1. Just report the Cα centroid separation between the range 151-208 and the range 218-297, whole Å.
2. Pop the C-beta distance of LYS299 and LEU75 into the FRET formula with R0 = 51 Å and round what comes out to the nearest 0.05.
3. With only Lys, Arg, Asp and Glu charged, each at its Cβ (+1 for the first two, -1 for the last two), find how big the charge dipole of the chain is about the Cα centre; round to the nearest 20 debye.
4. May I ask you to sort ASP330, ASP217 by Cβ crowding, counting other Cβ atoms within 10 Å and putting the fewest first?
5. Roughly how big is the range 139-232's charge dipole about its Cα centre, with Cβ charges of +1 (Lys, Arg) and -1 (Asp, Glu), in debye to the nearest 20?
6. Please list, in order along the range 178-188, the HN-Hα scalar couplings obtained from phi with the Karplus expression 6.51 cos²θ - 1.76 cosθ + 1.60 (θ = phi - 60°), rounded to whole Hz, x for Gly and Pro.
7. Sorted from largest down, give the three principal axis spans of the alpha carbons of the range 11-150, whole angstrom values.
8. For the residues ASP325, ASP155, what sequence is obtained by ranking on other C-beta atoms within 10 Å, fewest first?
Amino acid sequence: MQEPIDLFSDTRTKPTKAMREVMATALVGDEQVFEDPSVNELCARTADLLGKERAMFLPSGTMCNQIAIAVRCRLGEAVYLDCTAHPLTAEAGGPAALAGVILAALPGERGVFTGPQLEAALAGPNRNKPRARLVSVEQTSNFGGGRVWRLDELDAVCSVAAKAGVGTHMDGARLMNAVVASGVPAGRQVRDFDTCWLDFSKGLGAPVGAVLAGSADFIEEAWRFKQMLGGAMRQAGILAAACTYALDHHVERLAEDHENARRLADGLATIKGITLDPATIETNLVFFEIEGDAQSFVKALAKEGIRMGAMGARIVRAVTHLDIDKAGIDRAIAAAARVLA
Ligand SMILES: *Cc1c(COP(=O)(O)O)cnc(C)c1O
């Protein structure tokens with residue numbers, strides 16, 4: 001029996017032997033009082049990478065989004081984002097439950113909305129509308145199929161936000177995928193975003209962890225929420241060491257994941273019963289439509305030892321990552337062809 005090929009998500013990566021060794025020997029201390037050297041190092045490295053004053057280590061990307069929204073918005077205010085964005089579709093209603101905000105969903109093109117679209121949504125002095133407080137951008141767009149926001153698209157949205165006096169936030173769960181795919185450094189991509197974060201438990205391959213960055217004042221206030229939500233930790237350096245290791249060793253290799261995603265897309269696109277335009281594949285996420293029921297397709301595929309995710313009645317998602325190689329991609333394509341034959 002061959003090992004299963006897990007394309008369900010890039011969260012399925014297991015820490016490598018080298019990463020585990022770094023974790024086992026990490027210097028640690030009490031994170032809550034800034035005495036964990038490994039956490040301090042990771043936060044300094046990430047703040048530097050993102051060109052922000054300070055950063056904070058958190059257990060998850062979801063908590064980064066929730067804290068950023070809670071710090072920056074008051075009850076009844078609005079956060080503008082794409083209609084597929086993670087805080088709206090996958091955070092269990094957190095922005096409403098924890099921060100009391102309205103999420104104002106913009107119909108973007110594969111997760112990417114435009115400056116003029118935002119401008120139109122914000123237009124008009126209007127005291128009937130919820131006050132616009134924040135605009136959030138997802139780089140890359142998950143449900144947009146890993147689409148990368150181009151720099152001019154980011155700049156256009158930030159310039160509209162600045163003119164309207166609205167804050168900016170970047171959900172950078174896969175920012176490093178966008179960096180590798182576009183060649184635009186992370187610091188430049190987030191330059192005009194007040195707050196942003198990186199997830200280390202996705203393509204970067206760490207078991208746990210995300211880092212939220214912004215101004216010193218923002219991080220100071222964010223610590224209150226980290227404490228409130230139970231996100232303050234103790235000897236978290238064991239985890240942070242894995243994240244720093246990922247920054248050193250798992251960024252450039254994301255290019256391989258992107259190549260594998262294209263190889264998968266090219267293969268799947270030739271199968272009858274699958275609709276997929278390989279030209280839309282920019283990073284490590286491959287979304288496609290199948291003629292039949294996505295759930296049954298995914299179940300049949302699992303029996304062949306290949307895991308993918310059903311994302312809608314007919315939509316399937318496959319994600320490449322560091323535990324997937326070319327041979328695995330070819331097995332996945334062959335299995336999909338057998339299932340649909
Ligand atoms: C995974 C993901 C998150 C949440 O990150 P977790 O670490 O799983 O909490 C937020 N935004 C996007 C776009 C994601 O893909």
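1. Measuring centre to centre over Cα atoms gives 15 Å.
2. FRET efficiency, LYS299 to LEU75: 0.70.
3. 660
4. Fewest-to-most ranking of ASP330, ASP217: ASP217, ASP330.
5. Dipole size: approximately 260 debye.
6. 5, 4, 5, 6, 9, x, 8, x, 4, x, 6
7. 56, 33, 29
8. Least crowded to most crowded, the residues run ASP325, ASP155.
Values quoted throughout were computed directly from the atomic coordinates according to the rules given, and no laboratory measurement underlies them. The model shown is predicted, which means the values in this text are computed figures rather than measured ones. Methodologically, a virtual Cβ is constructed for each residue, glycine included, from the backbone with ideal geometry; neighbour enumeration extends over all protein chains shown.
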